Amino acid sequence: MEIASLLRAGSVALVLAACSQSGSESAATKGRVVVAVTIDWEGAYLSPEGLDALDALRKRLQAPITHFVSAAYFTKEPVDPTTISSITEVVHRGDELALHVHAWRSLAKASGIEPKLSPSFLTGTDKLLEFEDGDTGFDVDLDTYDAPALRALVRTSRRLLEQTHLRVSSSFRAGGYLGTPKLLQAIQDEGFTVDSSAIDYRQLDQGNDDVLSARIKEIWPHAEKTTQPYVIDLPGGPLLEMPIAAVADYATGMDIVDVFEAAHARLQQDPSRDVFVVLGFHLETAAELAGRLGDAIDKVRRRRELGDELVFTTVESAAALAAKTVAAPPR
Ligand SMILES: [Zn+2]
């Protein structure tokens, strides 16, 4: 609610509020590099190795983690009986449980809508990734659904995650990072106030006419690794976008360190203003890739000029900080 009301106050009001505080709170404020480490649970399978890797990273970082969780773990046939305990054991106090949606066929059925099985955001055709348990739809472009169907997917997902009895936040990340205007409007209509899907398409570009990065380019043409939080004006009102700086699946350790160096440089330019860094990895590939994130963060923390500036928090808390100083969208 705090974010929504701050955004609704409008940028003019925010500027006035900031000016009226000058000489007191704002003049004394020192900016920080606000870091949110996020993991996407894709809804494919709960790999014990992935959960162990997540646990190991948490011990190493000693920082809150934001979990963007697909509810498709609850719609498999049969459902893995450890689903609820896996989530409740891994989402610790101080973490954030947020929503991630991929267009799994089983989730569409559970949402009472007709499953759509093309196009794939990986192939651009009706050729979808296949999974051992027979479920499919992971890589279906969510925008193929109409607005009521998207709302049903989002609403059902939230209801399924609430079976954990954990609080589901108002932060969202789209499968394939495909936060199209229609999807963003759907999540807002379902009460979500923060999206964290924007990513630099170049980070995912594997060459060979990569279909996904081309699709992301259409949706987020201006996103860069340094893009700061901004407001997206939707017909239904403002939505706060928290862009992703780097995902361990596509970024090298050096790339991740570069993100922090860029944040540090930005803070030097404007020392009173927080700089935001959202990092990501995936449960299903955590066993191979979570260490990359841990290594990069360790490296950055050891550098005094950088390490002292870092504050680790959730996407929700970072968004609340960002909402006070949000800028216009990048162009
Ligand atoms: Zn995903």
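When residue 293 is tested against the conditions (1) part of a helix (DSSP H, G or I); (2) surrounded by fewer than 17 Cβ atoms within 10 Å (Cβ to Cβ), the lone failure is (2).
Scoring residue 154 on the criteria (1) more than 16 Å from the ligand (Cβ to nearest atom); (2) hydrophobic (A, V, I, L, M, F, W, C); (3) in a helix (DSSP H, G or I) leaves a single failure, condition (1).
Of all the numbered requirements in (1) hydroxyl-bearing (Ser, Thr, Tyr); (2) part of a helix (DSSP H, G or I); (3) touching a residue at least 24 places away in the same chain (Cβ under 8 Å), residue 226 misses one, and that requirement is (2). Summed over region 33-70, residues that are within 16 Å of the ligand (Cβ to nearest atom), modelled with pLDDT of 95 or more, more than 17 Å from residue 158 (Cα to Cα) and not hydrophobic (A, V, I, L, M, F, W, C) total 2.
What about residue 186, is it crowded, with 22+ Cβ neighbours inside 10 Å and in a loop (DSSP other than H, G, I, E, B)?
no
Can you confirm whether region 58-67 contains a residue that is under 14 Å from residue 287 (Cα atoms) and either assigned to a helix (DSSP H, G or I) or among the β-branched types (Val, Ile, Thr) (or both)? Checking region 58-67: at least one residue is under 14 Å from residue 287 (Cα atoms) and either assigned to a helix (DSSP H, G or I) or among the β-branched types (Val, Ile, Thr) (or both). Among the residues of region 235-265, those that are buried (at least 17 other Cβ atoms within 10 Å of the Cβ), out of contact with any Gly (no Cβ under 7 Å at 6 or more places or on another chain) and within 15 Å of residue 179 (Cβ to Cβ) comprise 238, 239, 240, 241, 242, 243.
Looking across region 46-70 at every residue that is more than 15 Å from the chain's Cα centre (by Cα) and among the aliphatic types (A, V, I, L, M), the one that is surrounded by the fewest Cβ atoms within 10 Å (Cβ to Cβ) is identified as 56. For region 164-192, the set of residues classified as among the small types (Gly, Ala, Ser) and more than 16 Å from the ligand (Cβ to nearest atom) consists of 169, 170, 186, 191, listed by residue number.
Just need a number here: residues in region 296-320 that are in a helix (DSSP H, G or I), surrounded by fewer than 17 Cβ atoms within 10 Å (Cβ to Cβ) and at pLDDT below 95. Total meeting the criteria: 3. Within region 78-126, the set of residues being acidic (Asp, Glu), more than 19 Å from residue 137 (Cα to Cα) and free of Cβ contacts under 8 Å to residues at least 60 places away in the same chain comprises just one member, 89. Of the residues 136, 144, 193, 123, the single one that is of a type in the set (Ser, Thr, Tyr), over 19 Å from the mean Cα position of the chain (by Cα) and within 28 Å of residue 85 (Cα to Cα) is 136.
The values are calculated or read from the model by the stated rules, or taken from the named source; none is laboratory data. What you are looking at is a predicted structure, and each value in this text was computed from that prediction instead of being measured. All Cβ positions, glycine included, derive from the backbone under ideal geometry; neighbour counts span all protein chains shown.
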